[in-house]
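Laboratory data are not the source of any read-out in this text; all were calculated from the coordinates shown. Note that the structure is a prediction, hence the values are computed from the model and not measured. Cβ coordinates were reconstructed from backbone atoms using ideal geometry, including for glycine residues, and neighbour counts include every protein chain displayed.
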Amino acid sequence: MKLRQPKSTITPPREELPDRPTSAVWRESFQVTTLTPIYGGGTEAGVPDQILPVRVASIRGQLRFWWRLLKSHRRENPLQGKELFDEERNIWGGMSEGDDDHASKVKLRVHGISDFHPIPSLAFSQQQNDSALNYVLFSALTTGASLIPEGLRFTLDIECGKTCTPEQQHEIFETLRWWASFGGIGSRTRRGLGGIQVTGANSTLPPVSEDEASSHGCKLIQKSSRAKALEAWKGAVGPLWEFRQKPGIGRHHGRDSNHPGSSHWPEPDSIRAITGKHRIKADGTSFKPDNPEQREFPRAAFGLPIIFHFQNITRDKEDKRKDKQFDPGDCELKPQKFDRMASPLILKPIALDDGRYAPALLRLPLDQLSGLSLELQNSGADAHHPNLPYKLDRNDWWPTEPAAQQPKAQSIPPMWNHRGELIEGDGIDALAAFLKYFQP
């Protein structure tokens, strides 16, 4: 059965592809240019490989991800379970079983990598002087990692063997389009690092349209274009930083930029309620939660794990500002039975046909949230709360029914717009509220 053709016009790998016999071999070369810095990408996590900064295995892994999304979330005949597994192995390869050889039908080769000189993440941060980029680069900045600057160029050769049918060739080409639009190189690509622009010698790769995204269970939002890719990147990740962290939106205003105010989100008070610990400042100001039964963690929908670090004043020169009672130690919120859950949000610049770049948000299908159970646990050597770990079922950390969501959302300022109205989408949750906030 052939795949449903999307509404937008798509240039196939070659014009004669639909009429090719199955013995034909499709070979194509694509020029790839990075639009944003690469973080990591080598064999060691968070460290760029100065000899081989772009790994074929990494690109293949991303292509398999996008292929699975397209096959499992298409409107007509979506594949699941063993059927999806068998088709993926048939194209992309897998472990051999007895006499059955499951070699990949897709060969990839990377060559012609341009010269580059890694730059310390701190130096890049100082050059850009942007709070949103610092938010995205947090893990790189805390470890002192280096980045590969934007503008890296290389050639990606792709070949589909004689056993690859014309339909499979078309699937692979569509997979390339989605990777070119929303994928990248290295780590943190869902926050725009390692963003790419891909052009072919014989084929064009038009960006994925909003209709195409919708037809595969995704939501695509693009803002007005910018002349430079880095500015479009800031325009994409900036709203997330604002929504979650910016004073006046995600948190209260503090004394200064180095002393941010308390969060507008309910997670800190939920942790205080669960652990039974809360801060009391030297002046008697108490952070005791109003509701000791509070158990709300709406930001879990943005991806996990989340590390919560509370600010306590343990001493000063004269102990004048020493807290009388401390907030909990560091805590980690993670999925039960798993270490992480990838974010369903992709924020990055998309290269347009006119040479400009659009800040873009792609919300992936939300299957992973349907039965997500969480676990709050101690994190770090100084955290020893006897009532942790604490488990939360799906309906505990955020209700699934709109009638139960609304009263909780009304107490969370970021989930209200500037007119004091509830931000609603597909349900009333943090993701729906953020998509509304991101709208141009």
Whole-Hz Karplus ³J(HN,Hα) for the range 174-180, in order, using 6.51 cos²θ - 1.76 cosθ + 1.60 and θ = phi - 60°, x for Gly and Pro? 5, 4, 4, 4, 5, 5, 4
Would you work out the relative contact order for the chain, in percent, from Cα pairs under 8 angstrom that are 6 or more residues apart? 17
Dipole magnitude (debye, nearest 20) for the chain, charges at Cβ of Lys, Arg, Asp, Glu: 880
Reachable aspartates and glutamates, given that their alpha-carbon falls under 14 Å from the alpha-carbon of Lys324 and they are not under 8 places away in the same chain: Asp283, Asp316
Bin width 5 Å, alpha-carbon pairs only: give the P(r) of the range 24-206 as whole percents, running from 0 to the bin holding the largest distance. 1, 7, 15, 19, 17, 15, 11, 8, 4, 2, 0, 0
If contacts are Cα pairs under 8 angstrom and at least 6 residues apart, what is the relative contact order of the range 300-440 in percent? 18
The range 24-206, relative contact order [Cα under 8 Å, separation at least 6], %: 41
Value at 222 nm in deg cm²/dmol, rounded to 500, when DSSP H runs of n ≥ 4 in the chain each add -39,500 (n - 2.57): -8000 deg cm²/dmol
For Ile196, other-chain or 5+-apart residues with amide H closer than 5 Å (H placed, Pro excluded) are Leu35
Run the dipole for the range 94-214 about the Cα centre, Lys and Arg Cβ at +1, Asp and Glu Cβ at -1, nothing else charged, and hand back the magnitude in debye, nearest 20. 540
Computed about the Cα centre, the charge dipole of the range 170-283 from +1 Lys/Arg and -1 Asp/Glu charges at the Cβ has a magnitude in debye, to the nearest 20, of 660
Charge dipole (the range 24-206, unit charges on Cβ, about Cα centre) - positive-most of Gly94, Thr143, Ile113: Thr143
Could you give each residue of the range 61-76 its phi-based ³J(HN,Hα) in whole Hz, using Karplus coefficients 6.51, -1.76, 1.60 with θ = phi - 60°, and x for Gly or Pro? x, 5, 4, 5, 4, 5, 4, 4, 4, 5, 6, 8, 10, 6, 5, 9
Taking the alpha-carbon centre of each part, the distance from the range 320-338 to the range 54-126 in Å is 38
Phi angles of the range 156-161, converted by Karplus (6.51 cos²θ - 1.76 cosθ + 1.60, θ = phi - 60°) into ³J(HN,Hα) in whole Hz with x for Gly and Pro, give 10, 9, 10, 9, 10, x
Listed residue pairs exceeding 19 Å between alpha carbons, taken from Lys82/Lys162; Lys105/Lys162; Lys281/Lys320; Lys246/Lys436; Lys107/Lys348; Lys219/Lys337: Lys82/Lys162; Lys107/Lys348; Lys219/Lys337
Compactness of the range 238-438 - radius of gyration and Dmax, Cα, Å: 18.3, 63
